[in-house]
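The values are calculated or read from the model by the stated rules, or taken from the named source; none is laboratory data. Bear in mind the structure is a predicted one, so any value in this text is a computation, not a measurement. When we count neighbours, we look across all protein chains shown, and the Cβ atoms used for this are built from the backbone with ideal geometry, even at glycine.
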Amino acid sequence: GAGVSQTPSNKVTEKGKYVELRCDPISGHTALYWYRQSLGQGPEFLIYFQGTGAADDSGLPNDRFFAVRPEGSVSTLKIQRTERGDSAVYLCASSSGTDNTYGYTFGSGTRLTVV
Amino acid sequence: LAKTTQPISMDSYEGQEVNITCSHNNIATNDYITWYQQFPSQGPRFIIQGYKTKVTNEVASLFIPADRKSSTLSLPRVSLSDTAVYYCLVGRGSQGNLIFGKGTKLSVKP
């Protein structure tokens, strides 16, 4: 597609529920990143995929968070047993992985609210 | 990964040139310097990237001294629409994760 698409744009869920956030990267981009951003803070790195594999998942806060990218394109961030502290904007970005010229392209994010 | 330090906020007026300086004392040899812009309710948007000396594109200029321990983003003749948060990052360009700080909140007034 023309840009990085994230769905849903907004998600409200109850504490303890399971949620899935989807990211459609730019076609052909091999690298995909998940970040989350709390109000007034910069984006915080969660996980980075190169192709289908997670090249760096050091930012995932705990084992309630998991992400997949089974075919090397679309990625899903999964959060189990959601907590109120998980409320944030979850951002996805993609890049070619080899060309430094244009950096990352971010989506508009999914605003997750846990009530 | 190198840490960056930049001012929390800056104010300017329409038509002025704005320079935002970022320090990155521990930058590694392979690191690039990249600046992003973020508007409310949007993801960050790539502005400019450089390795050394000066880089210019249609949006901004990036000045990097020889020791690469700092960099300055220059926005010529800002307008109200340039009001945003600007992030300075160092890292391997489009490879690997980028570490964002809190950024500089630029407010442009009429």
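Just a few scattered comments:
- The strands (runs of 3 or more DSSP E) located wholly in region A:1-105 that include 3 or more residues which are under 24 Å from B:Lys102 (Cβ atoms) occupy A:31-37, A:44-50, A:88-95.
- Residue tally, condition under 13 Å from the mean Cα position of the chain (by Cα) and either among the acidic types (Asp, Glu) or not in a loop (DSSP other than H, G, I, E, B) (or both), over region B:55-76: 12
- Top-ranked residue in region B:68-110 [being in contact with a Pro (Cβ under 7 Å, 6 or more places away or on another chain) and of a type in the set (Ser, Thr, Tyr); ranked as surrounded by the fewest Cβ atoms within 10 Å (Cβ to Cβ)]: B:Thr104
- Screening B:Ile48 against (1) over 17 Å from B:Ile99 (Cβ atoms); (2) in a strand (DSSP E or B); (3) at pLDDT 95 or above leaves a single unmet condition, (3).
- Scan of region B:30-53 for residues that are within 24 Å of A:Gly109 (Cα to Cα), free of Cβ contacts under 8 Å to residues at least 24 places away in the same chain and not small (Gly, Ala, Ser), ordered by number: B:Pro40, B:Gln42, B:Arg45, B:Phe46
- All positions within region A:29-59 that are under 14 Å from the mean Cα position of the chain (by Cα), under 29 Å from B:Ser9 (Cα atoms), more than 10 Å from chain B (Cβ to nearest Cβ) and not small (Gly, Ala, Ser): A:Arg36
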